[in-house]
1. Using only C-alpha positions, report the orientation-averaged shadow area of the convex hull of the range 162-217, nm², one decimal.
2. Tell me, what ³J(HN,Hα) does each residue in the range 63-74 have, in order and in whole Hz, if you take phi through Karplus 6.51 cos²θ - 1.76 cosθ + 1.60 with θ = phi - 60° and put x for Gly and Pro?
3. Over the range 94-217, consider all pairs of different Cα atoms and compute the Kirkwood hydrodynamic radius from their mean reciprocal separation; express it in Å, one decimal.
4. If you count, for each residue, the other Cβ atoms within 10 Å and average over each peptide, how do 186-192, 109-115, 161-167 line up from highest to lowest?
5. Sorting check: for 97-104, 201-208, which peptide has the highest mean count of neighbouring beta carbons within 10 Å, and how do the rest follow?
6. Which FRET efficiency value, to the nearest 0.05, do you get for ALA142 and SER82 by plugging their Cβ-Cβ distance into 1/(1 + (r/R0)^6) with R0 = 30 Å?
7. Assuming 0.36 nm per residue, please report the length gained on full extension of the stretch GLN67 to HIS201 beyond their Cα-Cα distance.
8. Subtract the Cα-Cα distance of THR127 and ARG208 from 0.36 nm times their separation in residues, and report this length gain in nm to one decimal.
Amino acid sequence: MTTEPNNQTTSNDVPSASDVPAAAEGQGQQQEQRRGGGGGRGDRRGGRGDRRRGQERDSEWQERVVQIRRVSKTVKGGKKMSFRSIVVVGNERGQVGVGVGKAGDVIGAVRKGVADAKKHLVKVPLTRHNSIPTLSTGREGAASVLIRPAAPGTGVIAGGSIRTVLELAGIKNVLAKRLGSKTPLNNARAAMVALQLLRTHKETAKERGISLEQIYS
């Protein structure tokens, strides 16, 4: 008669089978949460990698400020002062652009000038000696620019904003002459027009409908 109560107490002290999976599920959820936290760190690392790749792409472009001027605009209450910047952007591999930015501070004006220059990029055909294929002339307003190819070792013989445009375009052997106005913005844009009009001998032969040998003959 004394054995029956003992058997009942031991059966009540032992946990049932339905309680064990619940504890295991709780441990599994904790492990999944820990693993999820590791995944979050991986996502953050991936974001850092994307930012680094973006910085590498931006580092390919070089920026040079040609001119910064303080300008004013007459409004109803008086004069509103601001800054205007002329910026040249290029990768020294055949792409160059000229932009203008205006803002209340110098940093904002330069930032707007860089964004404007990247919107107006020009592809420049380069020879194997880092020169231009043919002679070209560009005109903007009262400014006129003459650009002609040069032999290897000549260097960039130009001045003012024209030299900045040619250097950032990747041209290392060229002769340039400024004709007319001395305004830096008009000279830079005239140089851009001259570079945009450049054509290789192959493109010229295709436009004329003749062979490449006839161009050289």
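The values are calculated or read from the model by the stated rules, or taken from the named source; none is laboratory data. Predicted model only: the values in this text are computed from it and were never measured. Positions of Cβ are backbone-derived with ideal geometry, glycine not excepted, and every protein chain shown enters the neighbour counts. Protein only, heavy atoms only, side chains kept; ligands, DNA and RNA dropped before computing areas. Shrake-Rupley method; radii C 1.70, N 1.55, O 1.52, S 1.80 Å.
1. Computed as one quarter of the Cα hull surface, the answer is 5.1 nm².
2. My calculation for the range 63-74 gives 10, 9, 8, 7, 7, 10, 10, 9, 10, 9, 10, 7 Hz in order.
3. So the Kirkwood estimate lands at 15.3 Å.
4. Details: 186-192: 26.4, 109-115: 19.6, 161-167: 24.3.
Those peptides, ordered most packed to least, come out 186-192, 161-167, 109-115.
5. Details: 97-104: 19.4, 201-208: 12.5.
Descending mean neighbour count gives 97-104, 201-208.
6. On the way: r = 25 Å, r/R0 = 0.83.
My answer for the efficiency is 0.75.
7. On the way: separation 134, 0.36 × 134 = 48.24 nm, distance 3.57 nm.
That works out to 44.7 nm of additional length.
8. Details: separation 81, 0.36 × 81 = 29.16 nm, distance 2.11 nm.
The THR127-ARG208 span can extend by a further 27.1 nm.
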